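What follows is a set of notes on a single structure, which appears directly below.
What follows is calculated from the coordinates using simple rules that are stated; it is not laboratory data. Treat the numbers as computed from the prediction; the structure is a model and nothing was measured. Cβ placement follows ideal geometry from the backbone for every residue including glycine, while neighbour counts extend to all protein chains displayed.
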């Protein structure tokens, strides 16, 4: 089992999904299986087959969520941050992209379009351990981009 980094909000979302899948989703799938059984011959019953596939997917997701929660490493706001760590928000400037803000998160919470970058991504990896005023070069598919770190919080 590998550890994954989560913000308090991200971990709460996982826990909520797990509870929904254990409760409401399981109940709904069970209802569909019972209704499909009442239709008769199960070997050619599309509703039954679909309900069993839903059940299999749901149980797999429950197991996956349980493992993720069990191995979760909680990240949160840091008191005084000098270097970029998982959970840090970094304000950077580049000639190509201007000023941007990124929050370094675990891979499971990554959402680059909203500024949440994975600690495992090339950009996240390049920022980790760096300080304010340092310059970082990141190789991207479109070429090398140079960033200057303006703030770390």
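Key figures
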{"quantity": "Span per principal axis, largest first, for the Cα atoms of the stretch 4-74 (Å)", "calculated": "49, 17, 13"}
{"quantity": "0 to 90° range, to nearest 10: angle between helix 26-37 axis and the chain longest Cα axis", "calculated": "30 degrees"}
{"quantity": "Pairwise FRET efficiency - residue 30 versus residue 134, Cβ, R0 = 41 Å, nearest 0.05", "calculated": "0.15"}
{"quantity": "Helical contribution to [θ] at 222 nm, DSSP H n ≥ 4, -39,500 (n - 2.57), averaged over the chain, rounded to 500", "calculated": "-12000 deg cm²/dmol"}
{"quantity": "Kirkwood-type radius of the stretch 89-152, with distances r between different C-alpha atoms, in Å", "calculated": "11.6 Å"}
{"quantity": "Whole-angstrom gap from the stretch 33-64 to the stretch 79-149, using each part's C-alpha centre", "calculated": "45 Å"}
{"quantity": "Percentage relative contact order, the chain, counting C-alpha pairs under 8 Å, at least six apart", "calculated": "23 percent"}
{"quantity": "At 0.890 mPa s and 25 °C, Stokes diffusion of the chain via Kirkwood alpha-carbon radius, µm² per second", "calculated": "134 µm²/s"}
{"quantity": "The chain: angle of helix 8-20 to the longest principal axis, Cα-based, in degrees nearest 10", "calculated": "10 degrees"}
{"quantity": "Percent antiparallel among DSSP beta bridges (both partners in the chain, rounded to 5)", "calculated": "75 percent"}
{"quantity": "Residues residue 146 and residue 19, FRET efficiency given R0 of 35 Å [Cβ-Cβ distance, rounded to 0.05]", "calculated": "0.15"}
{"quantity": "FRET efficiency, residue 85 to residue 52 (Cβ-Cβ, R0 41 Å, nearest 0.05)", "calculated": "0.35"}
